Amino acid sequence: MEENELNFKTDIVIPEAFYNECLSTEYNDNDLDQLIKLINESDPLNQLKGLTGLSKLYKINNTKSEPNLLYDDVEKLFNFLENFPLEFKIGSLICLASIENYNLNNENLIIHEPNDKIIKIILYILDFPNKYKLELLKSNLDYLGLLVYDKDIINKFDPENLYQKVRNLFEKVDSNEIEIIKKIIGIMSKIFEKEEEIAKNENIVIELIPFLNDLMVKYETNKDILNFSLNIIFFITNVNVNAISNIESKVMDKIIELNLLKKLIDKIDTLNPEDDKTEIFNSLKIIANFGAMENSYYTDKIIELNVLDKLKLLMQDKYSLGIRKETAWLISNIAAGTINQLTKLYENNFQDILFDNISNSHDDKIKNNCLWALYNFSSLKNIEYLNALIEKGFIDIIITRLKIDKGDTLACSLEALNNILCQGKNLDPAVYNIIETKVNELDILNELKNFLKNNHSNTMIKNKIQTIFNNYFGIDNIEQFLNENNEPIYNIS
């Protein structure tokens, strides 16, 4: 697109004094009808006056007034944007952004899809931001920032091409224009959220991480820029976690190499504990992705960087529910790692945090993540640790959860019971006797018998219970045992 294509109607001359008067005039909601009448007139100057007034009103009121005025006639705004001089384009972009913002807030979708010609104009403004008034770039970014909420519209722009154009903008605009920088990084964040293929592109991502790191250092006091940057890093790392094989990751390695991971861990307990939109929450999601990687090296790295002390703090009630949920998920990922990682959790007294949340948390997600983490402690082969867990009520929790859990959580309960019984067979007689006493005290055999009767059709659950019967209670004929009326007390075999 040539530069002069941005002004198609060269015969329309906008006197500067007239335009300045349009910009200086104040309007209120009572002027809406009059402004619409002006837009619908044939005289271009009257149209511009109405359009400028309407765009000012929309901008000031932040769409408090429902924009149904041009709601069914957006083609008029598209026509101004495509074919009229610069002054019309600015007003049109502001009005279009206001209308689509209203649609997203109330309908959760973009109503009016721009045509190819308008897309070319939007992209052209991105390519040559310094050739026109700053207000044009701002309005263009506002409108584009709403369009990228729609995945189908992003595809019309060509997602990777759009990303590159937005990325290149940083080199073309004044770095002191904070509002512009914020709009640009916000659009980039939304592109990554909607387009996973870009987050998978290693060439893009490896170049982008150092840039984002520098951006967060330069604008460290701007929460919007920080959080948009962290969102992009989260989407990038999340793609790695969800990859078929995530044993090695250049993305994760680059974040470690730049000391960015350390900075995120160092900061997570320093900010507002009640806000799920702050750097704490966004940083925590990135750190949790390191804990979810298949390669234990990445979990070892976050432990090495002192994440455990931070997580103990974040599970306190003063932190928001969202932060505590994310923290519980990260703890469960660490607990599902190596025996060494599990031991470090135990030695940092995470079992107390897990017991407390299983008993007292009102949130099922936190409760279940703590339950899965605690169940992993059944793999510990340390006599002292296992004994302490049993005395604290580990087996009691397993039996209680058998009565209320379903699906995966139920399977985890039986797996943990199987593990703890296995330890009873393989560790010293003292632990053996403690487990045997607890088995009889809680009448576990009859609990499992009744449970098996009630869940007889669930093959996975049935097999897990039968394994426990066969291996630890010496019961080979399950059907006969289920039909017995009076069962003796069995010892672990």
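Every number in this text was worked out from the coordinates using simple rules, so none of it is lab data. Owing to the predicted nature of the structure, the values given are computational and were not obtained by experimental measurement. In this analysis, Cβ positions are derived from the backbone assuming ideal geometry, glycine residues included, and neighbour counts consider all displayed protein chains.
What the table shows:
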quantity	calculated
Rounded Å value of the spacing that divides the Cα centres of the stretch 341-420 and the stretch 17-46	68 Å
Full-extension gain in nm, Ile178 to Ile36, via 0.36 nm per residue minus C-alpha separation	47.8 nm
Estimated FRET transfer efficiency (Lys406, Asp269; beta-carbon r; R0 25 Å; 0.05)	0.10
Least to most buried among Ser24, Ser175, Ser189 (fewest other Cβ within 10 Å first)	Ser24, Ser175, Ser189
Gain on full stretching of the segment that runs from Val13 to Glu197 - 0.36 nm per residue minus C-alpha separation	61.7 nm
Residues Glu248 and Asn426, FRET efficiency given R0 of 35 Å [Cβ-Cβ distance, rounded to 0.05]	0.50
Within the chain, helix-based [θ] at 222 nm, where runs of 4 or more DSSP H residues each add -39,500 (n - 2.57), nearest 500	-21500 deg cm²/dmol
Residues Lys262 and Asp29, FRET efficiency given R0 of 56 Å [Cβ-Cβ distance, rounded to 0.05]	0.60
Added length on full extension, which subtracts the Cα-Cα distance from 0.36 nm per residue, Glu220 to Leu442	74.3 nm
Too-long pairs where the Cα-Cα distance tops 22 Å, listed order kept, from Lys310/Lys403; Lys194/Lys325; Lys194/Lys365; Lys200/Lys262; Lys59/Lys89; Lys254/Lys285	Lys310/Lys403; Lys194/Lys325; Lys194/Lys365; Lys200/Lys262
Residues Met460, Met315, Met252 arranged by fewest to most Cβ contacts within 10 Å	Met460, Met315, Met252
Nitroxide proxy distance, nm - points 7 Å out along Cα→Cβ at Glu384 and Asn83	8.5 nm
Exposure proxy ranking, count of Cβ atoms within 10 Å, fewest first, for Ile331, Ile90, Ile12, Ile399	Ile12, Ile399, Ile90, Ile331
Paramagnetic reach from Asn349 (point 7 Å along Cα→Cβ, amide N under 18 Å) across the stretch 241-285	none
The stretch 184-218-the stretch 249-313 distance, computed between alpha-carbon centres (Å)	18 Å
Cut-off 14 Å between beta-carbons: net charge of the residues surrounding Asp396, Lys and Arg +1, Asp and Glu -1	0
Relative contact order for the chain, counting Cα pairs under 8 Å that sit 6 or more residues apart, in percent	7 percent
q = 0.06 Å⁻¹, the chain: log10 I(q)/I(0) [Debye, one scatterer per Cα]	-0.43
